[in-house]
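Trainee: One structure is given below, represented as structure tokens, and several questions about it will come after.
The values are calculated or read from the model by the stated rules, or taken from the named source; none is laboratory data. What you are looking at is a predicted structure, and each value in this text was computed from that prediction instead of being measured. Here the Cβ positions follow ideal geometry from the backbone for every residue, glycine too, while neighbour counts run over all protein chains shown.
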């Protein structure tokens, strides 16, 4: 890396952006053991559940039907984990796109003076490997979690209608 002069500020290089996400408390959830993401999403759902049940209890019909009240609250509480997953997806897909790109867009001074730098071949190869073997599995985990959460939302909503 030192052999190629790089005008891109260190914190705007795709590999450094990847490292920043890995060090982040929030974005590191899907990088840890597979249960790390599931545990974090479950905790967020459990934290949000009392709030959604309380809001659902404002409905006159649900207030007198505890099973439907709990089901409605549980389904509504899935919105927070879904929003967290979408935010993680956006962050990781941004880094994935930057790693796959042959050019790096960057700001030199922060005054919107956008520049573009073409990656040398060695950097492209390294970034491509990182995108394929590090970031793509993370995006896969996030996609599976979003699919499960969406499925739970749909099943829960249909159960609320059936009760």
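Trainee: Is it the case that residue 86 is surrounded by fewer than 15 Cβ atoms within 10 Å (Cβ to Cβ) and touching a strand residue (DSSP E or B) at 6+ places or on another chain (Cβ under 6 Å)? Outline the logic, then answer.
Mentor: Numbers: surrounded by fewer than 15 Cβ atoms within 10 Å (Cβ to Cβ): yes; touching a strand residue (DSSP E or B) at 6+ places or on another chain (Cβ under 6 Å): no.
No.
Trainee: Name the one entry in 48, 27 that is touching a residue at least 12 places away in the same chain (Cβ under 8 Å), surrounded by 15 or more Cβ atoms within 10 Å (Cβ to Cβ) and within 30 Å of residue 116 (Cα to Cα).
Mentor: The unique qualifying residue is 27.
Trainee: Can you tell me which condition residue 148 does not meet? The list is (1) out of contact with any helix residue (DSSP H, G or I) (no Cβ under 8 Å at 6 or more places or on another chain); (2) in contact (Cβ under 8 Å) with a residue 24 or more places away in the chain, and all the others hold.
Mentor: (2)
Trainee: Checking residue 8 against (1) at pLDDT below 90; (2) surrounded by 13 or more Cβ atoms within 10 Å (Cβ to Cβ); (3) within 14 Å of the chain's Cα centre (by Cα), which single condition isn't satisfied?
Mentor: In the conditions (1) at pLDDT below 90; (2) surrounded by 13 or more Cβ atoms within 10 Å (Cβ to Cβ); (3) within 14 Å of the chain's Cα centre (by Cα), residue 8 misses (3) alone.
Trainee: In segment 152-159, is there at least one residue being at pLDDT 90 or above, within 30 Å of residue 33 (Cα to Cα) and either in contact with a strand residue (DSSP E or B) (Cβ under 6 Å, 6 or more places away or on another chain) or surrounded by fewer than 16 Cβ atoms within 10 Å (Cβ to Cβ) (or both)?
Mentor: yes
Trainee: What is the residue count in segment 89-111 for residues that are surrounded by fewer than 16 Cβ atoms within 10 Å (Cβ to Cβ), free of Cβ contacts under 8 Å to residues at least 40 places away in the same chain and over 12 Å from residue 21 (Cβ atoms)?
Mentor: Residues that pass the stated criteria total 7.
Trainee: Okay, moving on. Which number in (1) part of a helix (DSSP H, G or I); (2) touching a strand residue (DSSP E or B) at 6+ places or on another chain (Cβ under 8 Å) marks the one condition that residue 106 misses?
Mentor: Evaluating residue 106 over (1) part of a helix (DSSP H, G or I); (2) touching a strand residue (DSSP E or B) at 6+ places or on another chain (Cβ under 8 Å) leaves (1) as the failure.
Trainee: Now for a different question. Please tell me if residue 71 is touching a helix residue (DSSP H, G or I) at 6+ places or on another chain (Cβ under 7 Å), surrounded by 15 or more Cβ atoms within 10 Å (Cβ to Cβ), touching a residue at least 12 places away in the same chain (Cβ under 8 Å) and more than 22 Å from residue 143 (Cβ to Cβ). Break it down into steps so the answer makes sense when it comes.
Mentor: On the way: touching a helix residue (DSSP H, G or I) at 6+ places or on another chain (Cβ under 7 Å): yes; surrounded by 15 or more Cβ atoms within 10 Å (Cβ to Cβ): yes; touching a residue at least 12 places away in the same chain (Cβ under 8 Å): yes; more than 22 Å from residue 143 (Cβ to Cβ): yes.
Answer is yes for this residue.
Trainee: Considering each of 40, 71 in turn, give the residue that is over 15 Å from the mean Cα position of the chain (by Cα) and either in a helix (DSSP H, G or I) or farther than 19 Å from residue 149 by Cβ (or both).
Mentor: None of the other options fit; the residue is 71.
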